[in-house]
1. Can you name every residue in segment 9-41 that is in a loop (DSSP other than H, G, I, E, B), under 18 Å from residue 91 (Cβ atoms) and free of Cβ contacts under 8 Å to residues at least 60 places away in the same chain?
2. Counting just the residues of segment 42-78 that are within 16 Å of ligand 2 (Cβ to nearest atom) and assigned to a helix (DSSP H, G or I), which one comes out farthest from residue 287 (Cα to Cα)?
3. Counting just the residues of segment 289-331 that are without any contact (Cβ under 8 Å) to a residue 24 or more places away in the chain and not in a helix (DSSP H, G or I), which one comes out nearest to ligand 3 (Cβ to nearest atom)?
4. Of all residues in segment 137-177, count the ones that are over 29 Å from residue 253 (Cα atoms) and either free of Cβ contacts under 8 Å to residues at least 60 places away in the same chain or outside any helix (DSSP H, G or I) (or both).
5. With the requirement that a residue be touching a residue at least 60 places away in the same chain (Cβ under 8 Å), away from ligand 3 (no atom under 16 Å from the Cβ) and over 11 Å from the mean Cα position of the chain (by Cα), what does segment 251-286 give you?
6. Looking at 52, 85, can you tell me which residue is at pLDDT 95 or above and either more than 16 Å from ligand 1 (Cβ to nearest atom) or within 17 Å of residue 19 (Cα to Cα) (or both)?
7. In segment 129-162, what residues are loosely packed, with under 15 Cβ neighbours inside 10 Å and in contact with a helix residue (DSSP H, G or I) (Cβ under 7 Å, 6 or more places away or on another chain)?
Ligand code: NAD
Ligand code: IPM
Ligand code: MN
């Protein structure tokens, strides 16, 4: 029987609550394969004990795994730019996981806050550039703390990095019935990086005459997600732009607790892919057992699909949909009274029936 080795990085806050929920569902989904899990306690508590977010050989420890299931990193006890840079961003960058795939869809039985839209109107797939751009981390501070202080935060857009993520987005658009791809830009104000982004988008587009393309400035794209989300199918954007737009996407889905993501390198393997919710560690609700585990369970379903266990991935997603469709068991962020465990048990029940 095939065994997949999964590294668990629950991380901080509600990451500690939603990853165990996803693992319960994954265990119930094992049929003609097995999953072996190894949990790593890296995160902000680990940092407070050791002065590091992960051990010096952390990346080497992760490398042999087939996939990583991550909860969330970040806690008020450690500055976010330290915790996130040294753990999550470090893994994304060093394993060169250049695609961050983020579906924005309405699950059955749930309503978008856009009450005047039908649920089919909101069905987007965001492809976020995940290894460079505004997140490259280059810069510095000069005359720190003085009135003359200067802070520089550079962005890096390489032709290679831009091309590969745009090409991946075209491939995804080609596989979907509507075959539409929108590029998010800001070339009216960013005359170097975003003008190159636009040029690469046009150039790569020539190889995909069957895909209908559009290009929107990021401000207009944000408005469009609210006014005419039905006009958006696959959307490709830079690291920061897509970060912002996909939290908006989560809100359109009905809660940040619903948005799932996959960090991938579709071309070559430098390390395992990461599957994770889009949301953070939600310190405002941590420890109460009420976090919505849908995003984490959805991410687990994406993971199974990616591992080649399409049936298991689909079964998990169907079970999730069956529970939301019934509407009996919901966490408080969706207006319900159920807790994380109750929702998870309901999904497992569907999976087993
Ligand atoms: P957040 O996503 O943690 O929370 C925003 C709001 O959404 C909060 O009100 C929270 O309660 C709610 N929410 C989020 N997920 C939910 C869920 N599953 N169920 C119910 N409600 C949910 O964003 P934030 O408050 O900006 O960030 C908190 C910490 O998480 C920070 O340290 C931040 O840097 C970090 N963060 C980490 C990741 C990650 O590891 N991938 C992502 C985003 C933020
Ligand atoms: C996300 C998160 C991270 C990001 C943060 C925590 C660094 O917001 O995965 O969307 O911006 O990529
Ligand atoms: Mn984000």
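1. 40, 41
2. Taking segment 42-78 first, the residues within 16 Å of ligand 2 (Cβ to nearest atom) are 42-44, 47, 53-54, 68-78.
Applying the additional criterion that residues be assigned to a helix (DSSP H, G or I) yields 44, 47.
Numbers: 44: 15, 47: 19 Å.
Among residues in segment 42-78 that are within 16 Å of ligand 2 (Cβ to nearest atom) and assigned to a helix (DSSP H, G or I), the one farthest from residue 287 (Cα to Cα) is 47.
3. Per the stated criteria, the residue is 330.
4. Residues of segment 137-177 over 29 Å from residue 253 (Cα atoms): 137-161, 163.
From the residues that got through so far, the ones that are either free of Cβ contacts under 8 Å to residues at least 60 places away in the same chain or outside any helix (DSSP H, G or I) (or both) too are 137-160, 163.
Of the residues in that region, 25 qualify.
5. Taking segment 251-286 and keeping what is touching a residue at least 60 places away in the same chain (Cβ under 8 Å), we get 251-268, 270-283, 285-286.
Applying the additional criterion that residues be away from ligand 3 (no atom under 16 Å from the Cβ) yields 254, 264-268, 270-273, 285-286.
Matches in segment 251-286: 254, 265, 266, 267, 268, 270, 271, 272, 273, 285, 286.
6. Details: 85 fails: either more than 16 Å from ligand 1 (Cβ to nearest atom) or within 17 Å of residue 19 (Cα to Cα) (or both).
Exactly one of 52, 85 is at pLDDT 95 or above and either more than 16 Å from ligand 1 (Cβ to nearest atom) or within 17 Å of residue 19 (Cα to Cα) (or both), namely 52.
7. Residues satisfying the conditions are 137, 159.
Matching residues to (1) within 16 Å of ligand 2 (Cβ to nearest atom); (2) within 16 Å of residue 246 (Cβ to Cβ); (3) touching a strand residue (DSSP E or B) at 6+ places or on another chain (Cβ under 8 Å):
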| site | (1), (2), (3) |
| --- | --- |
| 104 | yes, yes, yes |
| 118 | no, no, no |
| 121 | no, no, no |
| 125 | yes, yes, yes |
| 133 | yes, yes, yes |
| 143 | no, no, yes |
| 147 | no, no, no |
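The values are calculated or read from the model by the stated rules, or taken from the named source; none is laboratory data. Note that the coordinates shown come from a computational prediction; the quantities given were computed from them, not determined experimentally. Cβ sites come from the backbone with ideal geometry, for glycine too, and all protein chains shown count toward neighbours.
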